[in-house]
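Reviewing the structure listed below.
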Amino acid sequence: MAWIVVEREVDAPPEVLWDVVVDVVSWPRWTASMTSVDLLDGEVALGRRARVRQPRLPTQVWTVTELEPGRSFSWAVANAAVTTVGGHEVYARDHGTSRIVLTLDQSGPLAPVVGLLLGSLSRRYVELEAAGLKAAAESRRAG
C-alpha cells in the first residue's frame, strides 16, 4: 500500500489526461509543487531520467522505473537511506472522462523518519499535482 494516495475525477478523456501526465516538463506551469523539471535523456520512457526541483526540497534526479504507455508510469529516486517512488495512473471512466491516481511510497531504513519530517509537505505536493493535472487536462479538452 502506498504511503500517499490522491485521486481525482477528470472531465477529459484518458488520452488527453495521459498527454498532460507525461508532459512532465510542463508541470511547473500548473503546480506550485515544482519549480522546474528537466528531462535528461529525452521523453518519459523506461530508464530515462528527469531532474526535479521543488520548493523546500533538495533537487532530485528521478528515474522512470515502470511505464505502460497511455496508462501509467512510476519514477523513483533513491539513496542509501530512502527510496521514494511516485506513481501516476490514468483510468478511463464513463462518458469520455477519466481518473488520475497519484501515489507516493517510501522505503528504506530512514523512511519512517522522512515520513515524520516531510509527510505533510509531501501530501500537500501530491494534492497540488493532482489538482494541477486535473485542471490542465480539463482546460486542454476545452481548448
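The values are calculated or read from the model by the stated rules, or taken from the named source; none is laboratory data. Small disclaimer: the values here were computed from a predicted structure and weren't measured. Every residue, glycine among them, receives a Cβ derived from its backbone with ideal geometry; neighbour counts consider all protein chains shown.
V37 passes every criterion in (1) surrounded by fewer than 16 Cβ atoms within 10 Å (Cβ to Cβ); (2) closer than 18 Å to G132 by Cα; (3) touching a Phe, Trp or Tyr at 6+ places or on another chain (Cβ under 7 Å) apart from (1). Evaluating T59 against the criteria (1) hydroxyl-bearing (S, T, Y); (2) surrounded by 14 or more Cβ atoms within 10 Å (Cβ to Cβ); (3) more than 23 Å from E89 (Cβ to Cβ) leaves one unmet condition, (2).
Looking across the range 68-126, the residues that are buried (at least 18 other Cβ atoms within 10 Å of the Cβ), aliphatic (A, V, I, L, M) and under 18 Å from E15 (Cα atoms) come down to V90, I100, L102. Whether any residue in the range 65-77 is farther than 22 Å from K134 by Cα and at pLDDT below 95 is what I want to check. Within the range 65-77, not a single residue is farther than 22 Å from K134 by Cα and at pLDDT below 95. Once the range 11-63 is narrowed to residues that are closer than 14 Å to A76 by Cα and of a type in the set (S, T, Y), the residue that is nearest to the chain's Cα centre (by Cα) is T63.
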